[in-house]
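The values are calculated or read from the model by the stated rules, or taken from the named source; none is laboratory data. On a predicted model such as this, the values are computed, not experimentally measured, just so you know. Methodologically, a virtual Cβ is constructed for each residue, glycine included, from the backbone with ideal geometry; neighbour enumeration extends over all protein chains shown.
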Amino acid sequence: MYDVNSTSADDFINNEEVLATLEYANANKNNIELVDKILEKAKLGNGLTHREASVLLACDIEEKNEEIYSLAKKIKQEYYGNRIVLFAPLYLSNYCVNGCVYCPYHAKNTHIPRKKMTQEEIKEEVIALQDIGHKRLALETGEDPVNNPIEYVLESIKTIYSINHKNGAIRRVNVNIAATTVENYRKLKEAGIGTYILFQETYNKERYERLHPTGPKHNYNYHTEAMDRAMEGGIDDVGMGVLFGLSTYKYEFAALLMHAEHLEARFGVGPHTISVPRIRRADDIDPSAFENGIDDETFAKIVACIRISVPYTGMIISTRESKKCRERVLELGVSQISGGSKTSVGGYAHPEDESEEETAQFDVEDRRTLDEVIRWLMELGYVPSFCTACYRAGRVGDKFMEICKDKQIHNFCHPNALITLKEFLEDYASEETKKVGEALIAKELPQLESSDVVKVKTAEYLQKIEQGERDFRF
């Protein structure tokens, strides 16, 4: 029985409810009266249920789809404005005991070089990341209780936060590690992590168990209930996602929104972020072996419908996707992207190492440098942001959601975006990028929606950054 408040994954991601939702959506996909009613509700900016959203996703009336895209753009602007947050993944280790058939780190892959960074090597990686301008990392590691125990992760977080090189500092470490215990989530909270991220891969239980034939990840319920344990352990912000291509996209979409509804119902806080990766070629992995791949147009519509359905959540897209694809979905809902990313262990400090490509988790489509990505975003009219102020100021969990749902994050986020962009321009940007950035800041500063006091302070902080001071925030 479907129960949004249940602590059991079989109830809050109920298979019968997902199938009934897909049947309902298919039966009503061209019901113009219903589609219009759902769109009118969506315009209020309070989100949609998984059934309502699934009707919009299934709709194949061209005119209505254009309305969906237009509304997604409007909601994205109202909640997140033209700011785009930048981050980079940091791979600590590719040792893994699981048998995930879509991941090159699976335990049976004997020809991929296995590597686990020492704390000294992590320092090298962090300095390399700081030297290109990153302030926010997503820590990644395979699941291996011997090689990658929680103690190793905690020590690595402490190392990362301890490093200050020139004007560089990592101000927020998000963590993407395997499902674990409430006790271990408490330890991660105490270590000062930002968001805990865990991709479901697929919500289809039967398919999930086939795609994870061996290892602890085979346990669907334990994995799917991880976000509940994380929140019980005191973690304020969690990030979800599915790997599109493993199962049918309509099933994943409905279940993903059901998961968001469950967290909102049980904890009063939905997902801080939703990621939308698609399966990619990697060592020992051929994406053509998975029959559920989606084209760019379908992918764009998924992003638009997620933005309409959960307007408060941040949306993330990685360098898995091409420049062209990323440009399309930025306007439809994406608010965070990676830049200058390496998906290998030790790939930042020693990119010339032959094992760098061999240890990559997946192929990167967008291989531009961070400086090139920043300039591209600005030329498109976006404000690149390295801001981590909300986490450091305690605006997390329900506090952040309250501000975001009230569409008030502009008061903090836009000034902080300009301040952190200014730091990047002064410390790391090429002359061409700096020129574009200075013009953008001059244009954006008078348009701040914040109070006069904040506007004056922002201008003051920008001037102080030019004079060599750093790390201002609202």
Quiz prompt | Near pairs, Cβ below 9 angstrom, 6+ apart or cross-chain, from region 438-461 (without any contact (Cβ under 8 Å) to a residue 40 or more places away in the chain) to any residue that is of a type in the set (Phe, Trp, Tyr) and surrounded by 13 or more Cβ atoms within 10 Å (Cβ to Cβ) | solution = Glu460/Phe472
Practice problem: For residues that are surrounded by fewer than 17 Cβ atoms within 10 Å (Cβ to Cβ), among the aliphatic types (A, V, I, L, M) and over 17 Å from Leu330 (Cα atoms), tally how many sit in region 368-407. | Solution: 1
Quiz prompt | Search result, residues across region 409-428 that are out of contact with any Leu (no Cβ under 8 Å at 6 or more places or on another chain) and either within 14 Å of Ala442 (Cβ to Cβ) or basic (Lys, Arg) (or both) | solution = Leu425
Quiz item: Looking at (1) charged (D, E, K, R); (2) assigned to a loop (DSSP other than H, G, I, E, B); (3) in contact with a strand residue (DSSP E or B) (Cβ under 7 Å, 6 or more places away or on another chain), which is the only condition Arg114 fails?
Solution: (3)
Exercise. Check off (1) touching a residue at least 60 places away in the same chain (Cβ under 8 Å); (2) touching a Cys at 6+ places or on another chain (Cβ under 9 Å) for Lys73 and give me the number that stays unchecked.
Key: (2)
Self-check item: Residue list for region 147-169, restricted to those being part of a loop (DSSP other than H, G, I, E, B), out of contact with any strand residue (DSSP E or B) (no Cβ under 9 Å at 6 or more places or on another chain) and in contact (Cβ under 8 Å) with a residue 12 or more places away in the chain
Solution: Lys166, Asn167
Quiz item: From the residues in region 428-437 that are in contact (Cβ under 8 Å) with a residue 60 or more places away in the chain and in a loop (DSSP other than H, G, I, E, B), which one is farthest from Ile374 (Cα to Cα)?
Solution: Tyr428
Quiz item: For Ile75, all conditions in the list (1) surrounded by fewer than 20 Cβ atoms within 10 Å (Cβ to Cβ); (2) not in a loop (DSSP other than H, G, I, E, B) hold save one; what is the number of the exception?
Solution: (1)
Quiz prompt | Count of residues meeting criterion [under 17 Å from the mean Cα position of the chain (by Cα), closer than 20 Å to Ile132 by Cβ and part of a loop (DSSP other than H, G, I, E, B)] in region 375-419 | solution = 3
Practice problem: Filter region 183-220 down to residues that are loosely packed, with under 15 Cβ neighbours inside 10 Å and in contact with a helix residue (DSSP H, G or I) (Cβ under 7 Å, 6 or more places away or on another chain) and give me whichever is nearest to Ala260 (Cα to Cα). | Solution: Glu209
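What about Leu377, is it assigned by TED's automatic domain parsing to the domain that holds Lys115, at pLDDT 95 or above and out of contact with any His (no Cβ under 8 Å at 6 or more places or on another chain)? Lay out the reasoning, then the answer.
On the way: assigned by TED's automatic domain parsing to the domain that holds Lys115: no; at pLDDT 95 or above: yes; out of contact with any His (no Cβ under 8 Å at 6 or more places or on another chain): yes.
The answer is no for Leu377.
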Quiz item: Which one of the conditions (1) closer than 30 Å to Ile308 by Cβ; (2) within 18 Å of the chain's Cα centre (by Cα); (3) of a type in the set (Phe, Trp, Tyr) does Tyr91 fail to meet, given that it meets all the rest?
Solution: (1)
Practice problem: For region 224-237, name all the residues that are touching a residue at least 60 places away in the same chain (Cβ under 8 Å) and over 17 Å from the mean Cα position of the chain (by Cα). | Solution: Thr224, Glu225, Asp228
Quiz item: What are the residues in region 71-93 that are polar (S, T, N, Q) and under 17 Å from Leu137 (Cβ atoms), if any?
Solution: Ser93
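Here is a yes/no grid of residues against (1) closer than 15 Å to Ser93 by Cβ; (2) not aromatic (Phe, Trp, Tyr):
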{"residue": "Pro145", "(1), (2)": "yes, yes"}
{"residue": "Glu155", "(1), (2)": "yes, yes"}
{"residue": "Tyr161", "(1), (2)": "no, no"}
{"residue": "Val173", "(1), (2)": "no, yes"}
{"residue": "Thr180", "(1), (2)": "no, yes"}
{"residue": "Thr195", "(1), (2)": "no, yes"}
{"residue": "Tyr203", "(1), (2)": "no, no"}
{"residue": "His218", "(1), (2)": "no, yes"}
{"residue": "Asn221", "(1), (2)": "no, yes"}
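Looking at region 180-202 only, could you name the residues that are over 17 Å from the mean Cα position of the chain (by Cα) and either part of a loop (DSSP other than H, G, I, E, B) or within 18 Å of Asn98 (Cβ to Cβ) (or both)? Step through it out loud before you land on a result.
Quick first cut of region 180-202, residues over 17 Å from the mean Cα position of the chain (by Cα) only: 180-192.
Result: Thr180, Thr181, Asn184, Ala191, Gly192.
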Self-check item: Unique match (being within 30 Å of Tyr102 (Cβ to Cβ) and part of a loop (DSSP other than H, G, I, E, B)) among Glu365, Glu469, Glu372, Glu449
Solution: Glu365
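Which of the following residues is surrounded by fewer than 18 Cβ atoms within 10 Å (Cβ to Cβ), outside the structural domain of Thr224 (by TED's automatic domain parsing) and within 30 Å of Asn176 (Cβ to Cβ): Thr49, Thr118? If you could, list the steps in order and put the result at the bottom.
Values: Thr118 fails: outside the structural domain of Thr224 (by TED's automatic domain parsing).
Thr49 is the lone residue from the list that is surrounded by fewer than 18 Cβ atoms within 10 Å (Cβ to Cβ), outside the structural domain of Thr224 (by TED's automatic domain parsing) and within 30 Å of Asn176 (Cβ to Cβ).
Residues checked against (1) among the small types (Gly, Ala, Ser); (2) at pLDDT below 90; (3) not in a helix (DSSP H, G or I):
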| position | (1), (2), (3) |
| --- | --- |
| Gly293 | yes, yes, yes |
| Arg307 | no, no, no |
| Met315 | no, no, yes |
| Arg320 | no, yes, yes |
| Glu327 | no, no, no |
| Glu331 | no, no, no |
| Ile337 | no, no, yes |
| Thr343 | no, yes, yes |
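Return a yes/no flag: does region 134-141 have any residue that is surrounded by fewer than 19 Cβ atoms within 10 Å (Cβ to Cβ) and modelled with pLDDT of 95 or more.
First pass over region 134-141, keeping only residues surrounded by fewer than 19 Cβ atoms within 10 Å (Cβ to Cβ): none.
Within region 134-141 (the criterion being surrounded by fewer than 19 Cβ atoms within 10 Å (Cβ to Cβ) and modelled with pLDDT of 95 or more), the answer is no, since none of the residues qualifies.
Against the condition in the same structural domain as Leu198 (by TED's automatic domain parsing), touching a His at 6+ places or on another chain (Cβ under 6 Å) and either hydrophobic (A, V, I, L, M, F, W, C) or over 28 Å from Pro415 (Cβ atoms) (or both), how does Ala178 come out, does it pass?
Working: in the same structural domain as Leu198 (by TED's automatic domain parsing): yes; touching a His at 6+ places or on another chain (Cβ under 6 Å): no; either hydrophobic (A, V, I, L, M, F, W, C) or over 28 Å from Pro415 (Cβ atoms) (or both): yes.
So Ala178 does not fit the description; no.
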